[in-house]
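Asker: First, the structure itself, so that you have it in front of you.
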Number of protein chains: 2
Amino acid sequence: MSADAVTAAVPTAGRATPASLLAGPPSVITAGIDLLADALRAQAVTVTTVDFRPPVDDPAGTAAALATVLADPRREAANATAVGRMLAVRAHLVDVLPASEALGMRPGEFYHAGPPITWDRASGPLRGALIGAMLFEGLASTADEAEAKLAAGEGISFSPCHEHHTVGPMAGLVSPSMWMYKLQDSATGAVSYCSLNEGLGKVLRYGAYSDEVIERLRWMSAVLGPALQKAVRLMVAAGEPMDITALVGQMVQMGDEGHNRNRAGSAMFLRDISPWLIRAELPAKDTADVFAFIGGNEHFFLNLVMPCGKLMGDAAANVPGSTVVTALCRNGTDFGIRVSGTGDQWFTGPAGIPVGLFLAGCTQDDAHPDIGDSAITETVGIGGMSMATAPAIVRFVGGAVPDALAVTRRMYEITLAENPAFAIPILEFRGAPTGIDVTRVLRTGVLPQINTGMAGNVEGRGLHAEGMVTIPKV
Amino acid sequence: MSADAVTAAVPTAGRATPASLLAGPPSVITAGIDLLADALRAQAVTVTTVDFRPPVDDPAGTAAALATVLADPRREAANATAVGRMLAVRAHLVDVLPASEALGMRPGEFYHAGPPITWDRASGPLRGALIGAMLFEGLASTADEAEAKLAAGEGISFSPCHEHHTVGPMAGLVSPSMWMYKLQDSATGAVSYCSLNEGLGKVLRYGAYSDEVIERLRWMSAVLGPALQKAVRLMVAAGEPMDITALVGQMVQMGDEGHNRNRAGSAMFLRDISPWLIRAELPAKDTADVFAFIGGNEHFFLNLVMPCGKLMGDAAANVPGSTVVTALCRNGTDFGIRVSGTGDQWFTGPAGIPVGLFLAGCTQDDAHPDIGDSAITETVGIGGMSMATAPAIVRFVGGAVPDALAVTRRMYEITLAENPAFAIPILEFRGAPTGIDVTRVLRTGVLPQINTGMAGNVEGRGLHAEGMVTIPKV
């Protein structure tokens, strides 16, 4: 992490432009996780292991900037406040509704994952998703037409999900006609949003925009969204809104880290919403289709874990002097972070290319730089931070259980709290390592471990793999 | 375990009568699990730790009998065959139907958990369940009338579930009008049965027989059973019968040991059956009630894990010379086991009183000696044998994660195989310790660890607690 990021953690610092931070090619970094790196190396995967110590040659002045931040007398109390607010969030699912209604989005308006980006710098998956969203919204009838309009920019605007209390997996594309979950923190009334999960394979969030993708989106808006709305509104009316925080706590005890593994969470979501879906009295075929769609997608619950994380990240934001990370996200070009004390300001670096296991016909060369807001899970202590609870993920890429434990144990070095609501059985029910402190990251050189899906590097292709990445050490 | 049991493991041995084995009061034994015993002791729970070494004073001739069995030249190959058959079972849910139809049961006929028992020796919970079943079947209109008829015995017969390819949790009562799951091993065509789970609290299987208990049983026969039948038959007709073995394998990776914890299994069962329940096109209220009933009971799947275990236990049975345990069960009075080489023969000892955590208003003094066929889970390597995967259970009674790991590690000492289909993440995906060998139990003194529900010691009361027990060392 450069001095720009560190300086920026001091409220008075200037805005760092993405361009100024884009130096050198993206690289895969497994900082501090030697066992994992060894396991990957044994499979002939190229791995870069970074040096943890502060650079002796420090032209950017990282050490001096760090010293300034560490000397800030507000820091300790501010961090306690920020993390305390993060841990206090109790997220409930209170509604499901179209983005136009939930967020006031108008035709031509799009949200995307990661920090701000322009069309000319947009990655393939993000471009593909934008093209798909244009087709879905009826703003273009062919991909070429969509692309031309997006490049021209007239009547088109896009901005980060994160700037609208929203998060989205992978490309994270949100357009006005898409339906959104609305979560609310019962104590503060704060809200967050996320779109509905499309399933795997050819899906918009991986940049695919073929007819089947658009057709599925239409079904989701015509059937799935309204069905969930009815069920969720019945639950709310009965005084039983779904407690997402409680479900996340349970899934973490059931081998899900809530990012790359959501099997238990998805099954429990279906279990809890099913009586209400029945009471919604939809046409029989729609009900059957909705059950089959939710039940057939083990990542369905990811899109509820993410806005739960967003509520937690937002709760910790804007505490003057706090060095707690409140957002980690990627747009396929840049990796962006936000820090509590610097509010809405983005600090960016190049997005890394994840290392992972590839689907048939794909190789590491097909992998695209990291993309998605799903690292909001790591921002709040789960996902890769809680890898210990989901050793199946590490095994998936050739690692072993001790590697998974080592990852999470190291994450405690860079976090400020343990979340008792997200307890990890294999670590004797120790709470998830929560509240990443940028000063600890800089002092230790340990980077947050992020699990991720991996998009292909050509627009329109879709999911290639699942893998792991750390944030860029810019 | 006494010499009777050992001798009996040799096919030529005579039948051991329960009475001859009933010596001394039941006691709580935590053989080989010192950490756990320490944890319990710290909470002022009375614990007896047994000596593992073969008794120096050996009036029953255990050592000599063991030597005879160990010298049997058939033993090694026979055990390999028995365990191989146990591991090869692939259980599918192929039907749901009334016991009268599935098993040809007639009015006045009852099955129960555990080894054979007579009314005069029957425990409180078993008597309560028999009374309830009489009321449910319309064979009596008051509890007093039912009790008198059961004591008189005219037109009444009861026999162990285990003798009818059936298993039942706690009292394990099966009467002709109850609906049963039918599981089948796809390779051999072998079948097994289990009743539907009633939920917690006042339920027949814990010996309760109040109006609410009988009413629930009537609803289960009128609505739940037929609904599941329609859904399961649709699945079978579509060529997609539910693969119970696969679900058990998944739940074991999700913190369920399949006996005292079935949260993931129950959620996945509902997930997988839900589209078919919808397609069954029941009246809307029934569908809603069925979803709420299944979704509201985290032990619903126990009654599918158990017949899966029964198929595995039965598959290993009747291999001449094999010392593999094929059934562990209790009727609230006696603990019974069956061993492969001795086929249908029962060996019994006194049922132990489990140690556990009690519901409000109940204490250890209210606990009843162990009851139920649910130890079929331990017979096939899960339940207490796989405690490592469900440390939440040990924690429930004040133990810690290392205690749970120690339990399962020790179980490998008395088992012949590791089941790759039931892999335990926390043990680096080692397979569940499977195939209890009675000669190893005797040589090591390590007793199988059994998790259990705990009934009250007064008939008609219902669930008091959940706890742990080992088999009696008679």
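Asker: If you check B:Leu311 against the conditions, is it under 30 Å from B:Asp95 (Cβ atoms), assigned by TED's automatic domain parsing to the domain that holds B:Glu418 and at pLDDT 95 or above? Show your work before the answer.
Answerer: Details: under 30 Å from B:Asp95 (Cβ atoms): yes; assigned by TED's automatic domain parsing to the domain that holds B:Glu418: yes; at pLDDT 95 or above: yes.
For B:Leu311, the condition - under 30 Å from B:Asp95 (Cβ atoms), assigned by TED's automatic domain parsing to the domain that holds B:Glu418 and at pLDDT 95 or above - is met.
Asker: For the range B:204-243, how many residues meet the condition of being under 18 Å from B:Leu304 (Cα atoms), part of a loop (DSSP other than H, G, I, E, B) and touching a residue at least 24 places away in the same chain (Cβ under 8 Å)?
Answerer: Count: 1.
Asker: Taking the range B:394-413, which residues are touching a residue at least 24 places away in the same chain (Cβ under 8 Å) and touching a strand residue (DSSP E or B) at 6+ places or on another chain (Cβ under 6 Å)?
Answerer: Those that are touching a residue at least 24 places away in the same chain (Cβ under 8 Å) and touching a strand residue (DSSP E or B) at 6+ places or on another chain (Cβ under 6 Å): B:Phe396, B:Val397, B:Val407, B:Met411.
Asker: Any residue in the range A:336-348 that is over 16 Å from A:Pro448 (Cβ atoms) and touching a residue at least 12 places away in the same chain (Cβ under 8 Å) sitting within a Cβ distance under 6 Å of a residue that is crowded, with 24+ Cβ neighbours inside 10 Å and of a type outside the set (Gly, Ala, Ser)? List the pairs, counting only those 6 or more apart or interchain.
Answerer: A:Trp346/A:Pro115
Asker: Could you identify the single residue in A:Ala222, A:Ala231, A:Ala246 that is small (Gly, Ala, Ser) and in contact with a Phe, Trp or Tyr (Cβ under 9 Å, 6 or more places away or on another chain)?
Answerer: Values: A:Ala222 fails: in contact with a Phe, Trp or Tyr (Cβ under 9 Å, 6 or more places away or on another chain); A:Ala246 fails: in contact with a Phe, Trp or Tyr (Cβ under 9 Å, 6 or more places away or on another chain).
One residue alone meets the criteria, A:Ala231.
Asker: Going by the conditions given, is A:Arg205 crowded, with 22+ Cβ neighbours inside 10 Å and of a type in the set (Lys, Arg)?
Answerer: Working: crowded, with 22+ Cβ neighbours inside 10 Å: yes; of a type in the set (Lys, Arg): yes.
So A:Arg205 passes the test.
Residue-by-condition table, conditions (1) buried (at least 24 other Cβ atoms within 10 Å of the Cβ); (2) of a type in the set (S, T, N, Q); (3) closer than 24 Å to B:Asp344 by Cα; (4) more than 21 Å from the chain's Cα centre (by Cα):
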site	(1), (2), (3), (4)
B:His165	no, no, yes, no
B:Ser177	no, yes, no, yes
B:Ser186	no, yes, yes, yes
B:Gly189	no, no, yes, yes
B:Ser195	yes, yes, yes, no
B:Ala222	no, no, no, yes
B:Ala264	yes, no, no, no
B:Asp272	no, no, no, yes
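Asker: While we're looking at this one, here's another question. Say whether the condition of being farther than 22 Å from B:Thr452 by Cα and touching a Ser or Thr at 6+ places or on another chain (Cβ under 9 Å) is met by at least one residue in the range B:245-266.
Answerer: Among the residues of the range B:245-266, not one is farther than 22 Å from B:Thr452 by Cα and touching a Ser or Thr at 6+ places or on another chain (Cβ under 9 Å), which makes the answer no.
Asker: If I ask for residues that are over 28 Å from B:Ser340 (Cβ atoms), surrounded by 20 or more Cβ atoms within 10 Å (Cβ to Cβ) and of a type in the set (A, V, I, L, M), which ones from the range B:74-133 would you list?
Answerer: Of everything in the range B:74-133, those that are over 28 Å from B:Ser340 (Cβ atoms), surrounded by 20 or more Cβ atoms within 10 Å (Cβ to Cβ) and of a type in the set (A, V, I, L, M) turn out to be B:Val96, B:Ala122, B:Ala129, B:Leu130, B:Ile131, B:Ala133.
Asker: Go through the range B:197-220 residue by residue and tally those that are of a type in the set (Ser, Thr, Tyr) and within 19 Å of the chain's Cα centre (by Cα). Lay out the reasoning, then the answer.
Answerer: Going through the range B:197-220, the residues of a type in the set (Ser, Thr, Tyr) turn out to be B:206, B:209-210.
Then keep just the ones that are within 19 Å of the chain's Cα centre (by Cα); that gives B:206.
Residues that pass the stated criteria total 1.
Asker: Next question, about the same structure. Using the structure shown, decide if B:Leu304 is away from chain A (no Cβ under 12 Å), more than 30 Å from B:Arg75 (Cβ to Cβ), touching a strand residue (DSSP E or B) at 6+ places or on another chain (Cβ under 8 Å) and of a type in the set (A, V, I, L, M, F, W, C).
Answerer: For B:Leu304, the condition - away from chain A (no Cβ under 12 Å), more than 30 Å from B:Arg75 (Cβ to Cβ), touching a strand residue (DSSP E or B) at 6+ places or on another chain (Cβ under 8 Å) and of a type in the set (A, V, I, L, M, F, W, C) - is met.
Asker: Moving on. For the range B:25-119, please list each of the helices (runs of 4 or more DSSP H) lying entirely inside it that holds at least 1 residues being under 28 Å from B:Val167 (Cα atoms) and either modelled with pLDDT of 95 or more or hydroxyl-bearing (Ser, Thr, Tyr) (or both).
Answerer: Fully inside the range B:25-119 and qualifying: B:75-88, B:99-103.
Asker: In the range B:423-444, how many are within 15 Å of B:Val69 (Cα to Cα) and of a type in the set (Lys, Arg)?
Answerer: Total meeting the criteria: 2.
Asker: Filter the range A:377-410 down to the residues that are small (Gly, Ala, Ser) and more than 12 Å from every other protein chain (Cβ to nearest Cβ) and list them by number.
Answerer: Hits for the range A:377-410 are A:Gly381, A:Gly383, A:Gly384, A:Ser386, A:Gly398, A:Ala406.
Asker: For residues in the range A:403-423 being in a strand (DSSP E or B) and in contact with an Asp or Glu (Cβ under 9 Å, 6 or more places away or on another chain), which is farthest from A:Arg330 (Cα to Cα)? Explain how you work it out, then say what you get.
Answerer: So in the range A:403-423, the residues in a strand (DSSP E or B) come out as A:415-423.
The next check asks that each one be in contact with an Asp or Glu (Cβ under 9 Å, 6 or more places away or on another chain); those that pass are A:415-416.
Details: A:Thr415: 21, A:Leu416: 23 Å.
Among them, the one singled out is A:Leu416.
Asker: Another question, if that's okay. Filter the range A:276-325 for residues that are hydrophobic (A, V, I, L, M, F, W, C) and part of a loop (DSSP other than H, G, I, E, B); which is farthest from A:Leu247 (Cα to Cα)?
Answerer: Of the residues in the range A:276-325, the ones hydrophobic (A, V, I, L, M, F, W, C) are A:276-278, A:280, A:282, A:284, A:288, A:290-294, A:300-302, A:304-306, A:308, A:311-312, A:315-317, A:319, A:324-325.
From what is left, the residues that are part of a loop (DSSP other than H, G, I, E, B) are A:280, A:282, A:300-301, A:316-317, A:319.
Working: A:Ala280: 22, A:Leu282: 26, A:Phe300: 13, A:Phe301: 10, A:Ala316: 21, A:Ala317: 24, A:Val319: 28 Å.
Selected residue: A:Val319.
A quick yes/no check of all residues on (1) closer than 26 Å to A:Asn262 by Cα; (2) away from chain A (no Cβ under 14 Å):
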| position | (1), (2) |
| --- | --- |
| B:Ser195 | no, yes |
| B:Glu198 | no, yes |
| B:Trp219 | no, yes |
| B:Ala227 | no, no |
| B:Val252 | yes, no |
| B:Gly255 | yes, no |
| B:Asn260 | yes, yes |
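Asker: Hey, B:Glu428 hits all of (1) facing chain A (nearest Cβ under 10 Å); (2) among the acidic types (Asp, Glu); (3) within 19 Å of B:Asn262 (Cα to Cα) but one; which does it fall short on?
Answerer: (3)
Asker: Any residue at all in the range B:313-324 that's under 18 Å from B:Leu224 (Cβ atoms) and either more than 13 Å from chain A (Cβ to nearest Cβ) or touching an Asp or Glu at 6+ places or on another chain (Cβ under 7 Å) (or both)? First the steps, then the outcome.
Answerer: Here is the first cut: in the range B:313-324, the ones under 18 Å from B:Leu224 (Cβ atoms) are none.
No, that holds for no residue.
Asker: Still on this model: When the residues of the range A:274-292 are narrowed to those that are in contact (Cβ under 8 Å) with a residue 12 or more places away in the chain and more than 9 Å from chain B (Cβ to nearest Cβ), which ends up surrounded by the most Cβ atoms within 10 Å (Cβ to Cβ)?
Answerer: Here the answer is A:Ala280.
The values are calculated or read from the model by the stated rules, or taken from the named source; none is laboratory data. Source: prediction; values computed, not measured. Positions of Cβ are generated from backbone atoms using ideal geometry, with glycine treated the same way; all protein chains shown enter the neighbour counts.
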